[in-house]
Amino acid sequence: MDGSVPFQATPTGVTEFDELERAVEQLTQRNRAIYAEQQRFTENAAHELRTPIALLQGKVERLFQTSGLTPEQAGLLDEANRLLGRMRRTHDGLLMLAHVDNMPLRPSVFCDPHVIVRSLLDQAQEHIDSLGLSVSMEVGPPVQWPMEPGMAEILLGNLVNNAIRHNGPGGSILIRLSGTVFTIANTGTDAPLDPERLFKRFSGSGKGLGLGLAIAERVCERQGWSLRYTFEEGMHRFSVQPNTSG
């Protein structure tokens, strides 16, 4: 379904084999049609949901500005605003998962992960400063990944955001790009995370929705790469091992 060539039956001259191949071809065509319909549904649903969520958030913010609110009313509005924010993040995360599945795989396209990480850190600098985080980078010789730049930004962006969000005030982040292997480690909880739940959707620790790592893993799966988690020396480490053969 990732832009691959549809299966086509090839006559073999053996009746049983020809019938089996035709059945497989018909099944493949039906599955591709269902998948295309799911893509259209996802795109339409995302479009229809985004505007109402934004309008609702705008109305809640306007209500906050009205005079004479009682503490109870203010509390209810604050809860409504947080629930709408969670709904928006869920919507955006699921839409990103669908976007990852729909992105083309072009082995001839390359990107520079070092440049992408630097850009992501610049974008997150205000958040990093507000938490007093210490960020260090260890970068080896220049390297090119056989990956769409947009997909690499999704992968690395979710790993960087995860390291920031699940850190603590005054914590540390270590980023290492050695050869083609990318590793990001962060302080946080003093115990290892459950690897059985770590990459499952909606299994977050309470600081997020649990979609970021699921998205990162899905990108790696589509590329045929690996994403591993370890807990070493008090730091949570996520390592991306690319398949440089494309």
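The values are calculated or read from the model by the stated rules, or taken from the named source; none is laboratory data. Please read all numbers here as calculations on a predicted model, not as lab measurements. Here the Cβ is made from the backbone with ideal geometry for all residues, glycine too, and neighbour counts use every protein chain on show.
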> Pairs under 8 Å by beta carbon, first residue closer than 17 Å to residue 92 by Cβ in region 51-73, partner surrounded by 13 or more Cβ atoms within 10 Å (Cβ to Cβ) and among the hydrophobic types (A, V, I, L, M, F, W, C), six or more apart or different chains?
Replying inline: 53/84; 53/87; 56/84; 57/84
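So which residues in region 174-191 are more than 19 Å from the chain's Cα centre (by Cα) and surrounded by 14 or more Cβ atoms within 10 Å (Cβ to Cβ), if there are any at all?
The initial filter retains those residues of region 174-191 that are more than 19 Å from the chain's Cα centre (by Cα), namely 174, 176-180, 187-191.
Answer for region 174-191, where residues must be more than 19 Å from the chain's Cα centre (by Cα) and surrounded by 14 or more Cβ atoms within 10 Å (Cβ to Cβ): 174, 176, 177, 180, 187, 188.
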> Which condition breaks for residue 129 when tested against (1) at positive phi; (2) under 24 Å from the mean Cα position of the chain (by Cα)?
Replying inline: (1)
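Go through the residues of region 97-118 one by one and say whether even a single one is at pLDDT below 75 and farther than 25 Å from residue 199 by Cα.
Taking region 97-118 as the starting set, the residues that turn out to be at pLDDT below 75 are 97-99, 101-104, 107.
This time we only want the ones that are farther than 25 Å from residue 199 by Cα, so: 107.
Within region 97-118, one or more residues are at pLDDT below 75 and farther than 25 Å from residue 199 by Cα.
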>> Cβ contacts < 6 Å: first residue under 14 Å from residue 181 (Cβ atoms), restricted to region 141-161; second residue modelled with pLDDT under 90 and surrounded by fewer than 21 Cβ atoms within 10 Å (Cβ to Cβ), any location; separation 6+ or different chain. Result?
In response: 143/180
>> Anything in region 104-155 that is part of a helix (DSSP H, G or I) and among the hydroxyl-bearing types (Ser, Thr, Tyr)? List them, or say none.
In response: 119, 130
